[in-house]
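K.L.:
Sharing a structure, written as structure tokens. Questions coming.
The values are calculated or read from the model by the stated rules, or taken from the named source; none is laboratory data. These numbers were taken from a predicted model, which means no experiment stands behind them. Heads up, the Cβs are rebuilt from the backbone with ideal geometry, glycines too, and the neighbour counts pull from every protein chain shown. SASA here: full protein model, heavy atoms, side chains in, ligands and nucleic acids out. Shrake-Rupley method; radii C 1.70, N 1.55, O 1.52, S 1.80 Å.
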Amino acid sequence: MATKEEDDESLMRQFCGYTTAHGLGRFGAQTGAIGRGLWICFLLGTYGGFTFHMYSLGQQFAAVPLRTSLSTSLPFEFPDVYFCPTDLVTMSRASPQVNIKELTRALTCDTDCKKQLKFDIHWSPESGTTSAAQYGPAAQGLLHVISAVESNISQSLHYGKNTSVSTCRTTLGGEEYIGNLSIVHLFGTAQVREPVSDINNLPKIAPYLSTANCIGWNSAARELQAAGVPLAAQILAMGYSEDDSKCRQPRGLPLKSFQDNSTHQMHLYVGCLDKNASAADFPHLCLQDPYGWMNHERCAECCYVANYTYMALHGDQCLCGEEVSNVTALSLSDFACSRKCRGNIAEACGGDAAAIVYQVRSSGSNPLFIPFRASIDSFNEGPYCFYRGNSGQLSATYCNVPFCPISPGFDCLALNSEDQVSSGEYLRYTGYKSLTNTKDSCIDWTAMRQALLNGSRTFRFDAEPSILTVNILDVYIETPDFELYTNGRKANNFCRAARVLLDAAVTEQKTGRHYFIRTTIVDTAKPVCPISITNDEILLSSCSIDACSRKTKSIPGLVRDRIGSALLASRFSSSMGIGFTGCTFGEHLCTIDDFTTVFHPEFGVCHRFNQEKWVQQSKDVKATDSTLTVSYFTDATDSLGQQLPGIDRMSRVVFPGVENPNDDSFSAMQVVVVPVGQFPWRDKALTASPGQHLELRMRYDKVNRFSKPPDQACNQSKNDVTYRLPSWQSSWRYTPQALQSVNITELKNTADWAKKTKILESILMSLNASISEMNQTIHFSRATRRDCVNTYAVHKFIRHCGCLPSFLPIPVEFFPTYNYCFDDKTDLLSIESTEACYMRLMASISRYEMEARQLCLDMCERRSYAIRPVTYPWPGLTIDSATDFLHNSLGDWSYPYNFLFSKGVANLFYMDIRTKEVQARRSNLSANEMLEFTNELQNVERSLAKISIQALSDFGQEMTEEPSYTTKNLMADLGGALGLWSGISVLTVCELIELLVYAILTARQRIAAKKRISQEAAHRAEVAAGKPEPSRSPVHGEEFEISQLKNENESG
């Protein structure tokens, strides 16, 4: 009987004998150990080689090698084209409208008519002159609101909540000052020139600076009340204690209020008098200045301090007198006093035989004396107090209360509505600017003082040929944040309005004469700083301080976010209705109705060409024949070639993402070409220059990438995105009647800046009343990686600041949960914190975008255009070609679109008339007249630009990536490897399956037999225990199986 092992071996031998796998038959036929061992080695080697081969194939498959195919039959798709002018706020939208309908009639008018027409074009109704371009009422309202916000917010942001007004003040008036200062600074004569016999033994000169103690407010008020001064009652009503003598600026009662009851300085013009005839009226020679320093202030101070009422300037002589006997009899024409002062050429210092006379001191007896102050203008108003003069007379003057330092985060100055910094802003500047306009670093003011005091110096003054050896004895320096200081007082190296005086002993090298002089070497109301000190020169340079509306984000943001960017842009931005001069697509003319204006956070306003209908109409036309050509008038200047002053200030409010608006004279517009359905990002822009024709020749490209994570993964999904981007039809127009009806009186009369913004919003909405509703969102069907990066940056901004940045495109899902950062801000603390966060996050945007590029996958399907720009001059106006060009352009503007009220376009109407006039007089024109006309034509060219967009070929390129080693390739290689190493085929696999089935069946039979044997053993045990055995005959075949299993059990 065969055993279990023998049966298994027999089964394996049978398999090895009939299998198609190479080597197994030979292995099964071996009977000896050597043969079997040898064939085991053979089989292990071959199957090991197969395993390595299979591992290599698996690695190759896992690496996903790619194959790239290139097709040149991709049909050309015309792109989305955005035209974004760089002049964001244009002349015709911001200036008053000009009625130039009569210019069409003027082609036949005479010379006087043309002159009148030119005057009409240039004339500004506000000023009544032709001197400068003016703003229209809506633009005036916007500038007024900007100034109101700037003045209110800047004052608060300059000085943080921790600023202590117990040591300094924040305003020129100084009503907020609550410190304990109770002394006043008294100034001596600032101009002295005394001859001395011994340079080492100088006479005693009254010091330039002295002090006096303040007396009680109530005590001074009672004295003034006794003298009949009505303002004294107001002081007594303020509730000062009897011993309160601190420097103050009582609310509503500045020191100037007492001028009617005081002896005070003044500068009242008397006349130009005959010097010789009036000599008796001016007996006192107060100042003789050979060094070229003489000006009105020096002479007025000298006469005032010497207790004279009048001064007379005759060249370098300053004469003083108590009265002028007969002004009418002694008067000469003002022309006789036209000699310029050498110390200030803007002032007159008499003439050859004439003296210019001013009253410098109030006349009569007064109960109060206000001394002359030769101080920096910053300290010539503000907190003051009363004191006793040397003669015991009641006197009053200003205290030198310094100005508080400006917050480092808001180191800027506020502008007024004329886009200028007021003198008061300059005077109180205490910021941290330490670099001059010439990019020189400032020297510490105290270091300048020490350098001046070290040793003697040699000077040569322009007005005096003598060389002076100067030994400087003392230096007085005054700036807004310091009182007058001398040795040891701490200074700094920041730009400041300043006054610097010297006390010095001088020797004229030519004559050997000695003098003691005191003179002012620096006196400026605008910030300066020293940049160089040598033995014979002190060099100071001026500093430009940034305007707060340009440097900070809160000031333009409060105006823009509260009124609405789209509302502002629709009124003040460039308009295709004005700038459009012509358009063709293929052989067809297009109009301004074929453009949509889009408010773009990065560019400002862009005009999108609505290409859908044109592409549909031209579907049977070759792509190379479908060229889009647009010519554009920038409308950047008025008809005199002037820009509106500070127009960039308006632009910063309207367009948040533009850093230097209206600041690029070499760019007329940015052109963005993107595939249909993609957002026009700034990095896709190309520049079109004025006076140039820019041709963009394009090839359409498409790339289909295969995603291979993790290193070469890409985004396989086709995402879309919807942005909050207001848009409107470019053909929108404002009627002159609507513009003329704008009234900003209420806006100007409103004190609260927040209410001003709402009034302006209602004015602009009324102007838009006749316009169809503006679309607020734009859907882009093909999102790119750049959209993902932008969304990540917006998320970061919201996470840190809790609001939306206006300089980035915002997906619509963020609304209305979040608002723009300055939309609802009115309290100063929230404005300050938002400003700080806004500035910090703006500086971090680049870093966030770098982070996002690590997270955002590029799209697997990418569409783009390979663009080749070509530029050449256009339109090339000459005296011969200008007539036809201007006439055709005027037809494009005037007749189809009826834009006859545009001040910028009026320049072209005038040039049309001017060209015809020049051609009519061509033979009689002088060379200068021809040159002037040529320059005018060049100015016209600089206002024009032309852009053409065309396909390089009818078909583009499509590059496709796909796996070069697929699952099919892997299976084929696996089959080949099996055949190579072991001869295994599909039939061999079937044989293995058969073997497995037989093995399973045999195993089941053995399990069943073992179960029956165990049952019989149990039965026999029961019989042995006395239980009767039921009679039963074995079934067919069962007897053999039981006998076989018994034998196996016994042998086991």
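K.L.:
Considering (1) part of a helix (DSSP H, G or I); (2) buried (at least 21 other Cβ atoms within 10 Å of the Cβ), say which one Arg518 fails and leave the rest.
P.N.:
So the condition that Arg518 fails would be (1).
K.L.:
Starting from segment 246-260, keep only residues that are open to solvent by 70 Å² or more (accessible area, probe 1.4 Å), then list their pairs with residues that are of a type outside the set (Phe, Trp, Tyr) whose Cβ atoms are within a distance under 7 Å, requiring at least 6 positions of separation or different chains.
P.N.:
Arg251/Glu175
K.L.:
Separate question: Tell me which residues, restricted to segment 371-397, are open to solvent by less than 20 Å² (accessible area, probe 1.4 Å) and touching a helix residue (DSSP H, G or I) at 6+ places or on another chain (Cβ under 7 Å).
P.N.:
If the condition is that a residue be open to solvent by less than 20 Å² (accessible area, probe 1.4 Å) and touching a helix residue (DSSP H, G or I) at 6+ places or on another chain (Cβ under 7 Å), then Ala374, Ser378, Tyr384, Phe386, Leu394, Ala396 are the ones that fit.
K.L.:
Please verify whether Leu931 is at pLDDT 85 or above and either aromatic (Phe, Trp, Tyr) or surrounded by fewer than 17 Cβ atoms within 10 Å (Cβ to Cβ) (or both), treating the condition exactly as stated.
P.N.:
Details: at pLDDT 85 or above: yes; either aromatic (Phe, Trp, Tyr) or surrounded by fewer than 17 Cβ atoms within 10 Å (Cβ to Cβ) (or both): yes.
Criteria met by Leu931.
K.L.:
For the condition over 30 Å from Asp474 (Cβ atoms), among the basic types (Lys, Arg) and open to solvent by 20 Å² or more (accessible area, probe 1.4 Å), what is the one hit in Arg193, Arg222? Lay out the reasoning, then the answer.
P.N.:
Values: Arg193 fails: over 30 Å from Asp474 (Cβ atoms).
Sole residue among the options that is over 30 Å from Asp474 (Cβ atoms), among the basic types (Lys, Arg) and open to solvent by 20 Å² or more (accessible area, probe 1.4 Å): Arg222.
K.L.:
Can we say Ile810 is under 20 Å from the mean Cα position of the chain (by Cα) and under 17 Å from Arg724 (Cα atoms)?
P.N.:
yes
K.L.:
Quickly run through segment 164-221 and pick out the residues that are touching a Gly at 6+ places or on another chain (Cβ under 8 Å) and among the aromatic types (Phe, Trp, Tyr).
P.N.:
Within segment 164-221, Tyr177, Tyr208 meet the criteria.
So that you can scan it fast, the table gives a plain yes or no per residue for (1) within 24 Å of the chain's Cα centre (by Cα); (2) open to solvent by 10 Å² or more (accessible area, probe 1.4 Å); (3) modelled with pLDDT of 90 or more:
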position	(1), (2), (3)
Val528	no, yes, yes
Ile531	no, yes, yes
Ile538	no, yes, no
Ser541	no, yes, yes
Asp546	yes, yes, no
Thr552	yes, no, no
Gly557	yes, no, yes
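K.L.:
Give me the helices (runs of 4 or more DSSP H) completely within segment 63-178, filtered to those with at least 3 residues that are modelled with pLDDT under 75, ordered by residue number. So that I can check it myself, show each step before the final result.
P.N.:
Numbers: elements: 91-94, 111-122, 137-158.
In segment 63-178, 111-122 are the helices (runs of 4 or more DSSP H) which contain 3 or more residues that are modelled with pLDDT under 75.
K.L.:
Among the residues of segment 770-789, how many are within 23 Å of Asp823 (Cα to Cα) and without any contact (Cβ under 8 Å) to a residue 40 or more places away in the chain? Show your work before the answer.
P.N.:
Start the filter on segment 770-789 by keeping residues that are within 23 Å of Asp823 (Cα to Cα), which leaves 773-778.
Subsequent filtering for residues that are without any contact (Cβ under 8 Å) to a residue 40 or more places away in the chain retains 773.
Final tally of qualifying residues: 1.
K.L.:
Another question, then. Got a sec? Which of Cys583, Cys606 is more than 25 Å from the chain's Cα centre (by Cα), among the hydrophobic types (A, V, I, L, M, F, W, C) and crowded, with 20+ Cβ neighbours inside 10 Å? Walk me through how you get there before you give the answer.
P.N.:
Working: Cys606 fails: more than 25 Å from the chain's Cα centre (by Cα).
Going through Cys583, Cys606 in turn, the sole match is Cys583.
K.L.:
Output yes when any residue across segment 990-1005 is in contact (Cβ under 8 Å) with a residue 60 or more places away in the chain and over 29 Å from Leu44 (Cα atoms), and no when none is.
P.N.:
no
K.L.:
Pro402 is checked against (1) open to solvent by 20 Å² or more (accessible area, probe 1.4 Å); (2) at pLDDT 90 or above; (3) in contact with a His (Cβ under 6 Å, 6 or more places away or on another chain) and fails just one. What number does that condition carry?
P.N.:
Checking Pro402 against (1) open to solvent by 20 Å² or more (accessible area, probe 1.4 Å); (2) at pLDDT 90 or above; (3) in contact with a His (Cβ under 6 Å, 6 or more places away or on another chain), the one that fails is (3).
K.L.:
Another question about this same structure. On the basis of being buried (at least 18 other Cβ atoms within 10 Å of the Cβ), more than 22 Å from Ile472 (Cβ to Cβ) and of a type in the set (Ser, Thr, Tyr), does Tyr240 make the cut?
P.N.:
When the stated conditions are applied, Tyr240 passes them.
K.L.:
In segment 339-361, how many are at pLDDT 90 or above and either within 30 Å of Arg388 (Cβ to Cβ) or open to solvent by less than 70 Å² (accessible area, probe 1.4 Å) (or both)?
P.N.:
Within segment 339-361, the subset at pLDDT 90 or above is 339-341, 347-351, 354-361.
Subsequent filtering for residues that are either within 30 Å of Arg388 (Cβ to Cβ) or open to solvent by less than 70 Å² (accessible area, probe 1.4 Å) (or both) retains 341, 347-351, 354-361.
Selection size over segment 339-361: 14.
K.L.:
Give the number of residues within segment 827-868 that are without any contact (Cβ under 8 Å) to a residue 24 or more places away in the chain, among the aliphatic types (A, V, I, L, M) and surrounded by 12 or more Cβ atoms within 10 Å (Cβ to Cβ). Talk me through it step by step, then tell me what you get.
P.N.:
Within segment 827-868, the first condition is being without any contact (Cβ under 8 Å) to a residue 24 or more places away in the chain, and the residues that meet it are 827, 830, 833, 843, 846-847, 850, 854.
So of that shortlist, the ones also among the aliphatic types (A, V, I, L, M) come out as 843, 850.
With surrounded by 12 or more Cβ atoms within 10 Å (Cβ to Cβ) added as a condition, the list becomes none.
So the count comes out to 0.
K.L.:
Shifting gears a bit: Enumerate the pairs (first residue in segment 323-348 and within 18 Å of Leu268 (Cβ to Cβ); second residue anywhere and of a type in the set (S, T, N, Q) and assigned to a strand (DSSP E or B)) with beta-carbon separation below 9 Å, excluding pairs fewer than 6 apart on the same chain, so at least 6 apart or on different chains.
P.N.:
Listed by first residue and then by second, the contacts come to Val324/Gln359; Ala348/Ser338.
K.L.:
When only residues in segment 274-313 that are of a type in the set (D, E, K, R) and either outside any helix (DSSP H, G or I) or over 55 Å from the mean Cα position of the chain (by Cα) (or both) count, which is nearest to Ala346 (Cα to Cα)? Let's see the steps before the verdict.
P.N.:
If we filter segment 274-313 for residues that are of a type in the set (D, E, K, R), which is where we start, we get 274-275, 281, 289, 297-298, 301.
So of that shortlist, the ones also either outside any helix (DSSP H, G or I) or over 55 Å from the mean Cα position of the chain (by Cα) (or both) come out as 274-275, 281, 289.
Details: Asp274: 22, Lys275: 21, Asp281: 26, Asp289: 18 Å.
Checked segment 274-313; the qualifying residue nearest to Ala346 (Cα to Cα) is Asp289.
K.L.:
Here is a follow-up. Which residue pairs have Cβ atoms closer than 6 Å, lie 6 or more positions apart in sequence or on different chains, and pair a first residue in segment 278-303 that is assigned by the TED database to the domain that holds Arg342 with a second residue that is part of a helix (DSSP H, G or I) and open to solvent by less than 20 Å² (accessible area, probe 1.4 Å)?
P.N.:
Cys286/Cys302; Cys286/Cys303; Leu287/Cys302
K.L.:
Now for a different question. Of all the residues that make up segment 640-670, how many are more than 23 Å from Pro726 (Cβ to Cβ), in contact with a Leu (Cβ under 9 Å, 6 or more places away or on another chain) and modelled with pLDDT under 80? Give the derivation first.
P.N.:
If we filter segment 640-670 for residues that are more than 23 Å from Pro726 (Cβ to Cβ), which is where we start, we get 640-646, 660, 663-668.
Subset that is in contact with a Leu (Cβ under 9 Å, 6 or more places away or on another chain): 646, 668.
Still in the list and also modelled with pLDDT under 80: 646.
Summing the residues that are more than 23 Å from Pro726 (Cβ to Cβ), in contact with a Leu (Cβ under 9 Å, 6 or more places away or on another chain) and modelled with pLDDT under 80 in segment 640-670 gives 1.
K.L.:
Would you pick out the residues in segment 483-515 that are outside any strand (DSSP E or B) and either open to solvent by less than 50 Å² (accessible area, probe 1.4 Å) or at pLDDT 80 or above (or both)? Walk me through it before giving the result.
P.N.:
Filtering segment 483-515 down to residues outside any strand (DSSP E or B) leaves 486-495, 509-513.
Selection gives Ala491, Asn492, Asn493, Phe494, Cys495, Thr511, Gly512, Arg513.
K.L.:
Further question: How many of the residues in segment 814-826 are under 17 Å from Lys758 (Cα atoms) and either of a type in the set (Ser, Thr, Tyr) or open to solvent by 80 Å² or more (accessible area, probe 1.4 Å) (or both)?
P.N.:
3
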